[in-house]
Amino acid sequence: MFHTGLRSGTAVQADESAPDSELYFQRCRWCHTTTFQRLLCPTCGSTDLAPELSEGEGVISVRRGVAAADADLWPVHMTEGFVVRCRVDGPPHAVRPGVRVKVSGTAVSGRRPVVRLCEEVPLDGWY
C-alpha cells in the first residue's frame, strides 16, 4: 500500500506489496478546491489544505508537450477533480485519452502512481 500525497507535510509509504494502493489528495479548507501534492491552494493561495482519500478512479486526459523523460506518464483527471500524472499499466494501443482507469500501485522509481485500465480496448481501437 502506498499513500501518495501530503500527510503531515511528508509522503507516507506503507507496505508496497499490498494489492491496492491508496491515493491521497488535498482539499482547501477555505474554497474546497482539490489539488495533488501542493503547498498552496492553486485557487485562493491558502496553506490550509486537508488530506483526503481518493476513490482512485479517473479518466486519462490529453497530454501536450511531452518530454522524452516523461513519455510514459499520462495526466489522469480523478473523480474528485484533481489531476495527477501517472504511469498506465495496460497494452500501449489501449492507452489513450478518454479511457477510464483505477489506481493500482506506484512505480518504484519516482514514486508515481500507477493506474490500470478499467475497460479492454480492441486492438483496432474501435468498440
One residue from Gly105, Gly98, Gly81 being within 15 Å of Ser54 (Cα to Cα) and surrounded by fewer than 17 Cβ atoms within 10 Å (Cβ to Cβ)
Gly81
Suppose the filter is open to solvent by less than 40 Å² (accessible area, probe 1.4 Å) and not basic (Lys, Arg); does Gly65 pass it?
no
May I ask you to list the residues in the range 66-79 that are over 16 Å from Arg100 (Cβ atoms) and assigned to a strand (DSSP E or B)?
Leu73
Output the qualifying pairs, or none if there are none: Cβ atoms under 6 angstrom, residues six or more apart or on different chains, first residue in the range 80-106 and in contact (Cβ under 8 Å) with a residue 12 or more places away in the chain and in a strand (DSSP E or B), second residue β-branched (Val, Ile, Thr) and open to solvent by 50 Å² or more (accessible area, probe 1.4 Å).
Arg100/Val59
Filtering the range 47-73 down to residues that are touching a Lys or Arg at 6+ places or on another chain (Cβ under 6 Å) and on the phi < 0 side of the Ramachandran plot yields Asp48, Ala50, Pro51, Glu52, Glu57, Val59, Asp72, Leu73
Evaluate the following for Leu23: is it at pLDDT 95 or above and surrounded by 13 or more Cβ atoms within 10 Å (Cβ to Cβ)?
no
Here is a list of conditions, (1) open to solvent by 50 Å² or more (accessible area, probe 1.4 Å); (2) over 17 Å from Glu22 (Cα atoms); (3) at pLDDT 95 or above, and Asp72 meets all of them except one; can you say which number that is?
(3)
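Just to check your reading of the model, which residue among Arg63, Arg111, Arg38 is assigned to a loop (DSSP other than H, G, I, E, B) and either at pLDDT below 85 or β-branched (Val, Ile, Thr) (or both)? Reasoning before the result, please.
Values: Arg63 fails: either at pLDDT below 85 or β-branched (Val, Ile, Thr) (or both); Arg38 fails: either at pLDDT below 85 or β-branched (Val, Ile, Thr) (or both).
Going through Arg63, Arg111, Arg38 in turn, the sole match is Arg111.
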All positions within the range 35-51 that are over 19 Å from Val101 (Cα atoms), out of contact with any Ser or Thr (no Cβ under 8 Å at 6 or more places or on another chain) and either open to solvent by less than 70 Å² (accessible area, probe 1.4 Å) or small (Gly, Ala, Ser) (or both):
Gly45, Ser46, Asp48, Ala50, Pro51
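The values are calculated or read from the model by the stated rules, or taken from the named source; none is laboratory data. The structure displayed is predicted, hence computed values, not measured ones. For neighbour counting, all protein chains shown are included, and Cβ atoms are generated from backbone atoms with ideal geometry for every residue, glycine included. Please note that ligands, DNA and RNA were not included when accessible areas were found on the heavy atoms of the full protein model with its side chains. Shrake-Rupley method; radii C 1.70, N 1.55, O 1.52, S 1.80 Å.
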